[in-house]
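To start, the structure under review is shown below, and the notes come after it.
The values are calculated or read from the model by the stated rules, or taken from the named source; none is laboratory data. All of these numbers come straight from a predicted model, not from anything done at the bench. Here Cβ is always computed from backbone atoms with ideal geometry, including for glycine, and neighbour counts include all displayed protein chains. With ligands, DNA and RNA removed, areas are computed over all heavy atoms of the protein, side chains included. Shrake-Rupley method; radii C 1.70, N 1.55, O 1.52, S 1.80 Å.
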Amino acid sequence: MTEPNGTPTTGGFDLNRPTIVSLLYLGGFITGISGFVGLILAFIWKGDSDMQPWEESHYQYLINTFWLGLGASIIGFILMFVLIGFFILFAAMALVIARSVMSLVKAQKREPMPNPGSWTI
């Protein structure tokens with residue numbers, strides 16, 4: 001819920017678009033497919049004309065999060081045969097969770113991500 005000036009009401013959970021994408025990414029660990037849905041929505045909403053100024057940084061950050069997680073997961077899967085892949089998969093999972101939660105927290109405050117082009121936390 002939001003007030004007329006666009007700020008979230010206190011005490012509630014604001015289900016804005018970056019929050020939805022973050023929740024889809026987190027749900028991807030359970031469903032396996034919702035992360036792809038989140039990526040598609042992030043690309044669609046990134047080009048939307050009625051987007052709030054703070055949202056654009058979230059979309060870039062979340063798109064980078066998806067590709068970072070996918071790339072690290074592929075490398076980790078390939079290296080599972082050398083046993084180091086398990087550590088890479090765990091690190092990729094932790095990184096995607098951390099980045100999704102960070103975006104989720106900032107989106108609830110309607111604040112932009114400080115460094116949306118970053119590939120680190």
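Here are the numbers:
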quantity	calculated
Residues that are among the acidic types (Asp, Glu) and open to solvent by 40 Å² or more (accessible area, probe 1.4 Å), drawn from region 40-62	Asp48, Asp50, Glu56
Verdict on Leu15 being open to solvent by 60 Å² or more (accessible area, probe 1.4 Å) and on the phi > 0 side of the Ramachandran plot	no
Residue in region 72-92 that is within 14 Å of Leu23 (Cα to Cα) and buried (at least 17 other Cβ atoms within 10 Å of the Cβ) present	no
Neighbours by Cβ (under 7 Å, 6+ apart or cross-chain): first from region 74-98, without any contact (Cβ under 8 Å) to a residue 12 or more places away in the chain; second open to solvent by 90 Å² or more (accessible area, probe 1.4 Å)	Met80/Phe86; Gly85/Phe77; Gly85/Ile78
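Quick grid of which residues meet (1) closer than 30 Å to Asp14 by Cα; (2) modelled with pLDDT of 95 or more:
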{"residue": "Pro53", "(1), (2)": "yes, no"}
{"residue": "Leu68", "(1), (2)": "yes, yes"}
{"residue": "Ile74", "(1), (2)": "no, yes"}
{"residue": "Phe77", "(1), (2)": "no, yes"}
{"residue": "Val96", "(1), (2)": "yes, yes"}
{"residue": "Ser100", "(1), (2)": "yes, yes"}
{"residue": "Leu104", "(1), (2)": "yes, yes"}
{"residue": "Ala107", "(1), (2)": "yes, yes"}
